[in-house]
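The values are calculated or read from the model by the stated rules, or taken from the named source; none is laboratory data. All figures in this text were calculated on a predicted structure; none of them were measured in a lab. Neighbour counts run over all protein chains shown; Cβ positions are idealised from the backbone, glycine included. To get the accessible areas, we keep the full protein, side chains included, count just its heavy atoms, and leave off ligands, DNA and RNA. Shrake-Rupley method; radii C 1.70, N 1.55, O 1.52, S 1.80 Å.
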Amino acid sequence: MSEKRLTIDYEEFSSVSEMDPKDQELCRAAIEAQKGSYSPYSHFQVGAALLLANGVVVKGANQENAAYPSGLCAERSAMFWAGANYPDIPMDTLAIAGSDHGVLCESPASPCGACRQVMAEYQKKHGKPMKIILVGSKRIRKFGCVDDLLPFIFDSLSM
Ligand code: THU
């Protein structure tokens, strides 16, 4: 037996203005994307802005349904749209912003497990790290690749 330790590095900012201009723009796009949220049940509005390697920014927002499991998270709505419309373009950076009853969370909302799994698959498909930015009003976290949010990823090699 040997004990192992896993550590992750990420950057934390206290304001969007501390970030580089491209990231600032993407954070603002994620907040803007919340306007597309359909969340009459949770009143939690999530916006996602996905920067593709060709410079296109794809926006997504959570879509809820009276049959709860039929809804979809903001991150997957953006990634699936990009996957369907730009199948060969790597996904460079995904910014995510969550608001509770219209108020941006101080500490950023973190993506659910299903969204992390989908991020991992697209990252592997394109062979390029997908950066993740979690936007809150008091803290913004930036991760260099999906592995930092989902270690020991299940992928086709596991089958
Ligand atoms: N939600 C997202 O859009 N992304 C996540 O990663 C976590 C949760 C949405 C789903 C649901 O509409 C609402 O937030 C409350 O769970």
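Observations
- 17 Å Cα-Cα reach of Lys142 towards aspartates and glutamates, excluding residues that sit fewer than 8 places from it in its own chain: Asp9, Glu11, Glu12, Glu18, Asp20, Asp23, Glu25, Glu75, Asp92, Glu106
- Set Lys35/Lys124; Lys35/Lys128; Lys59/Lys125; Lys4/Lys138 screened for pairs whose C-alpha atoms are more than 26 Å apart: Lys35/Lys124; Lys35/Lys128; Lys4/Lys138
- Three-way shape call for segment 1-67 based on the alpha-carbon gyration tensor, with the a/c threshold at 1.5: oblate
- Packing here is the average count of other Cβ atoms within 10 Å per residue, and on that basis the peptides 62-68, 47-53, highest first, run 47-53, 62-68.
- Segment 57-98: C-alpha gyration tensor shape, a/c 1.5 cut-off, then a/b vs b/c: oblate
- Relative protection proxy for 112-123, 9-20, from highest mean packing down: 112-123, 9-20 (other beta-carbon atoms within 10 angstrom).
- Remark: the chain carries 55 Å² of accessible area per residue (probe radius 1.4 Å; ligands, DNA and RNA excluded).
- The chain: calculated mean residue ellipticity at 222 nm from DSSP helix runs of at least 4, using -39500 (n - 2.57): -8000 deg cm²/dmol
- Segment 1-126 - percent of accessible surface contributed by carbon and sulfur, probe 1.4 Å: 52 percent
- The chain, relative contact order [Cα under 8 Å, separation at least 6], %: 23 percent
- Three-way shape label, segment 50-148, alpha-carbon gyration tensor, a/c 1.5: oblate
- Mean separation of Cα pairs under 8 Å and 6 or more residues apart, divided by the residue count, gives segment 1-81 a relative contact order of 21 percent.
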